[in-house]
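Notes for the one structure printed next.
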Amino acid sequence: RPDVLLLDIEMPGMDGLTFLRQIMDENPIPTVICSTLTANGSKMALDALAAGAVAVVAKPRLGLKQFLEESRRELVQTLKAAARTKPQHSASPARTSAAPAVKRPPIAGLHALSVNKPVVIGSSTGGTQAIESVLARLPADSPGIAIVQHMPEKFTAMYAQRLDGICAMNIREARDGDRVER
């Protein structure tokens, strides 16, 4: 059993996302996706994170050898960080980012959120699924929540849009001058 899996999306026989969903359902392994299809915050990259990937690295279509030489330290650090995560079995392996939110039981002690104090959540590599799990179980009138998620900047807006589509509350990427409100 490997400590971490480096996976492309384009593979013979079975695409990488289908394989990732299968692995996460049967025997989760920390997985980093490295693909030309995940460039610039693409939907495919967010689908990979939603399927259980702990990180996504965009691989260029041209100049792969130079890319690997220039980014080997960053790629090795990403793989080491991924290997330290503990991925969970997927909640629904057939679920895609376009599917409706899964009905999940409310979070224990949810009544404590009736106080109007902001909540701050910070997450690193592999945290996208945990954040989704928490936010999907909160009501629309929850206190204001600010989230700091370690991911490339081009992914954050699409990640926020995805969460907005599956959660009861309104979610968007923060902008300068925003206030954290209910």
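The values are calculated or read from the model by the stated rules, or taken from the named source; none is laboratory data. Given the structure is predicted, the values throughout are model-derived calculations rather than measurements. FYI the Cβ positions are ideal-geometry reconstructions off the backbone, even for glycines, and counts take in every protein chain you see. The area values use the complete protein model at the heavy-atom level, side chains included, leaving out ligands, DNA and RNA. Shrake-Rupley method; radii C 1.70, N 1.55, O 1.52, S 1.80 Å.
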If only one of Q77, Q66 is under 17 Å from V4 (Cβ atoms), open to solvent by 40 Å² or more (accessible area, probe 1.4 Å) and among the polar types (S, T, N, Q), which one is it? Q77
Is one or more of the residues making up region 62-80 assigned to a loop (DSSP other than H, G, I, E, B), more than 30 Å from I145 (Cβ to Cβ) and either at pLDDT 80 or above or over 14 Å from the mean Cα position of the chain (by Cα) (or both)? yes
Is there any pair with a first residue in region 161-176 that is of a type in the set (D, E) and a second that is exposed (fewer than 14 other Cβ atoms within 10 Å of the Cβ) whose Cβ atoms are under 8 Å apart and which are 6 or more apart or on different chains, and what are they? D164/N170; D164/R172; E173/A157
Meets criteria (hydroxyl-bearing (S, T, Y) and either touching a helix residue (DSSP H, G or I) at 6+ places or on another chain (Cβ under 8 Å) or buried (at least 18 other Cβ atoms within 10 Å of the Cβ) (or both)) for T38: yes
For region 17-41, which positions are of a type in the set (G, A, S) and without any contact (Cβ under 8 Å) to a residue 24 or more places away in the chain? A39
Restricting the search to region 17-35, which residues are out of contact with any helix residue (DSSP H, G or I) (no Cβ under 8 Å at 6 or more places or on another chain) and in a helix (DSSP H, G or I)? T18, F19, Q22, I23, D25, E26
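To keep it simple, each residue is scored yes or no on (1) modelled with pLDDT under 70; (2) over 14 Å from the mean Cα position of the chain (by Cα); (3) not in a helix (DSSP H, G or I).
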site	(1), (2), (3)
P93	yes, yes, yes
A112	yes, yes, no
A130	no, no, no
L135	no, no, no
I147	no, no, yes
A160	no, no, no
M169	no, yes, yes
E173	no, yes, yes
D178	no, yes, yes
Restricting to region 149-158, and then to whatever is surrounded by fewer than 19 Cβ atoms within 10 Å (Cβ to Cβ) and in a loop (DSSP other than H, G, I, E, B), can you tell me which residue is farthest from the chain's Cα centre (by Cα)? P152
Which listed residue is modelled with pLDDT of 80 or more and among the hydroxyl-bearing types (S, T, Y), from T38, T31: T31
